[in-house]
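Here is the structure we will look at, set down as structure tokens.
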């Protein structure tokens with residue numbers, strides 16, 4: 001009975017939040033300004049062992065529809081052990097009409113690399129761009145328009161996975177589609193509190209005033225976003241244009257990346273814990289952050305309950321087979337009527353309603369990101385198996401964070 005009540009609570013919260021997001025999903029930020037003259041923008045690219053992708057990344061940036069004289073590109077080679085430096089130097093020689101600067105430093109991490117670029121940046125706006133990403137042609141012009149007031153600290157873009165091939169990459173494609181849609185929804189209600197490495201654009205004066213990026217933080221992109229919101233600056237989502245990123249192609253890389261992200265979420269929420277239920281931060285403090293923390297708590301509770309019930313089921317199964325000589329293949333269902341009567345409707349009904357609401361948002365996310373909706377094997381894994389995997393990643397991240405395991409950017 002307790003398990004059924006817990007399922008009803010989770011499903012009620014899921015449907016309630018889904019309905020809220022459905023209501024605000026059609027809102028759009030109309031506060032944009034057309035500039036007569038485009039500003040100088042500095043794009044910083046921290047790079048560690050990126051010889052395979054750095055050339056295409058630089059090519060995409062120089063191919064953007066943005067005046068080359070208004071573009072400054074700074075590549076920070078963070079102690080790479082491959083030919084990243086040579087690749088960048090070669091690109092600079094072949095593209096002398098662009099202002100591309102290479103900084104070589106010892107391996108200090110992404111935060112330090114960005115701060116080194118920030119020190120010499122001449123642009124009015126400072127952009128962070130991952131060395132394994134591809135910029136959309138018109139996206140930078142569109143992002144500039146969202147800086148409509150002095151309170152806008154950053155603007156981010158929607159992200160797509162670049163040419164997914166493996167099953168793991170295809171699952172992440174769906175994850176990124178949904179993540180971009182959720183960020184749009186948060187932007188609609190002013191609760192967006194994240195920036196990412198795939199072309200986030202900052203007001204340079206603001207982040208310099210806030211002392212730049214935290215060099216000891218393993219998710220400096222999330223930390224700078226929380227710092228901006230903590231100091232009452234806005235973060236907006238650019239709804240025109242997309243950027244593309246390479247994603248982990250194997251299970252180990254995916255697991256390591258997500259555990260690092262989740263550790264960063266935990267540590268940064270602790271760092272900025274005074275924002276929780278603080279009316280100074282509006283819906284961000286009283287709705288968005290508490291919702292995320294409640295969701296995280298439910299993840300841990302769910303893992304515990306499912307684990308307990310799973311062990312209980314296995315013990316009962318072994319008892320039936322060994323003690324009662326129960327035939328394992330004797331399912332005991334001889335008609336459709338018995339099958340229906342055997343369903344636990346206290347669990348099936350609320351779970352189905354929650355699934356329908358989730359599928360609707362899943363469909364809306366594809367429409368927003370301009371991707372065709374289709375249900376295939378990767379979709380099944382993403383909807384029904386991947387949540388279990390993410391729960392285990394959260395458990396792993398919690399263990400590492402609570403035991404104060406060493407933090408690494410790479």
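Considering only residues that are touching a residue at least 40 places away in the same chain (Cβ under 8 Å) and either crowded, with 16+ Cβ neighbours inside 10 Å or over 23 Å from the mean Cα position of the chain (by Cα) (or both), which ones fall in the stretch 1-16?
Selection gives 3, 4, 6, 7, 8, 10, 11, 12, 14, 15.
Regarding residue 363, is this residue modelled with pLDDT of 85 or more, within 19 Å of the chain's Cα centre (by Cα), assigned to a helix (DSSP H, G or I) and more than 23 Å from residue 251 (Cβ to Cβ)?
yes
Within the bounds of the stretch 278-296, is there any residue that is loosely packed, with under 13 Cβ neighbours inside 10 Å, at pLDDT 80 or above and in contact with a helix residue (DSSP H, G or I) (Cβ under 7 Å, 6 or more places away or on another chain)?
yes
The conditions are (1) touching a helix residue (DSSP H, G or I) at 6+ places or on another chain (Cβ under 7 Å); (2) surrounded by 18 or more Cβ atoms within 10 Å (Cβ to Cβ), and residue 249 fails exactly one of them. Which is it?
The single condition residue 249 does not satisfy is (2).
Which numbered condition trips up residue 33, out of (1) closer than 30 Å to residue 306 by Cα; (2) surrounded by fewer than 18 Cβ atoms within 10 Å (Cβ to Cβ); (3) touching a residue at least 40 places away in the same chain (Cβ under 8 Å)?
All conditions are met except number (1).
Test each condition in (1) farther than 30 Å from residue 251 by Cα; (2) surrounded by fewer than 19 Cβ atoms within 10 Å (Cβ to Cβ); (3) in contact with a helix residue (DSSP H, G or I) (Cβ under 9 Å, 6 or more places away or on another chain) for residue 138 and report the one that comes out false.
Against the list (1) farther than 30 Å from residue 251 by Cα; (2) surrounded by fewer than 19 Cβ atoms within 10 Å (Cβ to Cβ); (3) in contact with a helix residue (DSSP H, G or I) (Cβ under 9 Å, 6 or more places away or on another chain), residue 138 comes up short only on (3).
How many residues does the stretch 57-83 contain that are outside any strand (DSSP E or B), touching a helix residue (DSSP H, G or I) at 6+ places or on another chain (Cβ under 9 Å), within 23 Å of residue 162 (Cβ to Cβ) and free of Cβ contacts under 8 Å to residues at least 40 places away in the same chain?
Adding up the residues that qualify gives 2.
Only one of these is within 15 Å of the chain's Cα centre (by Cα), over 24 Å from residue 56 (Cβ atoms) and either surrounded by 15 or more Cβ atoms within 10 Å (Cβ to Cβ) or touching a residue at least 40 places away in the same chain (Cβ under 8 Å) (or both): 266, 275. Name it.
Answer to the check: 266.
Rundown of residues vs (1) in contact with a helix residue (DSSP H, G or I) (Cβ under 8 Å, 6 or more places away or on another chain); (2) buried (at least 19 other Cβ atoms within 10 Å of the Cβ); (3) more than 30 Å from residue 17 (Cβ to Cβ), yes/no style:
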{"residue": "106", "(1), (2), (3)": "no, no, yes"}
{"residue": "126", "(1), (2), (3)": "yes, yes, yes"}
{"residue": "160", "(1), (2), (3)": "yes, yes, no"}
{"residue": "176", "(1), (2), (3)": "no, yes, no"}
{"residue": "184", "(1), (2), (3)": "yes, yes, no"}
{"residue": "194", "(1), (2), (3)": "yes, yes, no"}
{"residue": "207", "(1), (2), (3)": "yes, yes, yes"}
{"residue": "223", "(1), (2), (3)": "yes, yes, no"}
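Yes/no matrix, rows are residues, columns are (1) out of contact with any strand residue (DSSP E or B) (no Cβ under 8 Å at 6 or more places or on another chain); (2) at pLDDT 95 or above:
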position	(1), (2)
120	no, yes
125	no, yes
134	no, yes
137	no, no
164	yes, no
168	yes, no
178	yes, no
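Given the structure, is residue 116 surrounded by 16 or more Cβ atoms within 10 Å (Cβ to Cβ), under 28 Å from residue 260 (Cβ atoms) and under 28 Å from the mean Cα position of the chain (by Cα)?
Judged against the criteria, residue 116 is a match.
Being modelled with pLDDT of 75 or more, closer than 14 Å to residue 187 by Cα and over 21 Å from the mean Cα position of the chain (by Cα) is the filter here; which residues of the stretch 17-45 pass it?
23, 32
From (1) modelled with pLDDT under 80; (2) surrounded by fewer than 12 Cβ atoms within 10 Å (Cβ to Cβ); (3) closer than 28 Å to residue 2 by Cα, pick out the condition that doesn't hold for residue 347.
Single failed check for residue 347: (2).
The values are calculated or read from the model by the stated rules, or taken from the named source; none is laboratory data. Fair warning: this is a prediction, and the values are worked out from it, not measured in the lab. Here the Cβ is made from the backbone with ideal geometry for all residues, glycine too, and neighbour counts use every protein chain on show.
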